[in-house]
Amino acid sequence: FPSHDRRLSGDFIVKVGPPAFKIGFGGSVMSSVDNTSSTTDMTAIQRGDPYNGNKVARFLDTLALLPEPLIKKIHDQGAGGLANVITELLDGWDATINLANLPTADGMNSLECWISEYQEQMVFICSPSSITQLESIASREGVLLHIIGTILPTQTSTIHFNNLISNH
């Protein structure tokens, strides 16, 4: 995708891909150590999901063929989970993030949602006017799409999870 970084206050932060799982905690660190030991922390191991990865790829392929871009900025999720993705996507902008909008398969707590390195995920920024068309494409491709945040005009990012709030 070419860069169409025209972020504005009120733009949505959207996650596309399968539900989050309790996997990959510290997976980027574990990939650099000897994993032959019986003491290997299996929650740190990242596991791919080719079935859902193909759905996400088809979603992105469809977007790439559109005459006008619907996505302003996009980032794949990997090492560091959402904590890393959101930080890199915002690049100095502020936002409110609602982790309760993140679909999970394991009943995860806020920290697990924030740092889990589950695979086959993309997070992007789009204007509110694009969301209906993005939801339609996601539905057609059978991939989950959830609005997890909004760009703010303030100097403080806020992370919500149920009744817990963290300001940064």
Within the stretch 134-162, name every residue whose backbone N is under 15 Å away from a label modeled 7 Å from Cα of Asp61 along the Cβ vector. 138, 140-143
What FRET efficiency comes out for the pair Ile131/Asp49, r = Cβ-Cβ distance, R0 = 22 Å, nearest 0.05? 0.35
For the pair Gln155 and Ala100, the simple spin-label estimate (label points 7 Å beyond Cα toward Cβ) gives in nm 2.9
The simple spin-label model distance between Arg140 and Glu68, using points 7 Å out along Cα→Cβ, in nm, is 1.7
Quick query: amide H of Asp94 versus all other amide H atoms, modeled in the peptide plane; which residues come in under 5 Å with a sequence gap of 5 or more or a different chain? Leu152
Compactness index (Cα Rg / 2.2 N^0.38 Å), the stretch 76-140: 1.19
Under Karplus coefficients 6.51, -1.76 and 1.60, residue-wise ³J(HN,Hα) of the stretch 126-134 in Hz, glycine/proline x: 9, 7, x, 5, 8, 5, 4, 5, 5
The summed charge of the Ala138 Cβ neighbourhood (under 12 Å; Lys/Arg +1, Asp/Glu -1) stands at +2
Long-range HN-HN contacts of Ser116 with modeled amide H, under 5 Å: Leu82
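Values quoted throughout were computed directly from the atomic coordinates according to the rules given, and no laboratory measurement underlies them. Quick caveat: nothing in here was measured; it's all calculated off a predicted structure. Don't worry about glycine lacking a Cβ; one is built from the backbone with ideal geometry, like all the others, and counts go over all protein chains shown.
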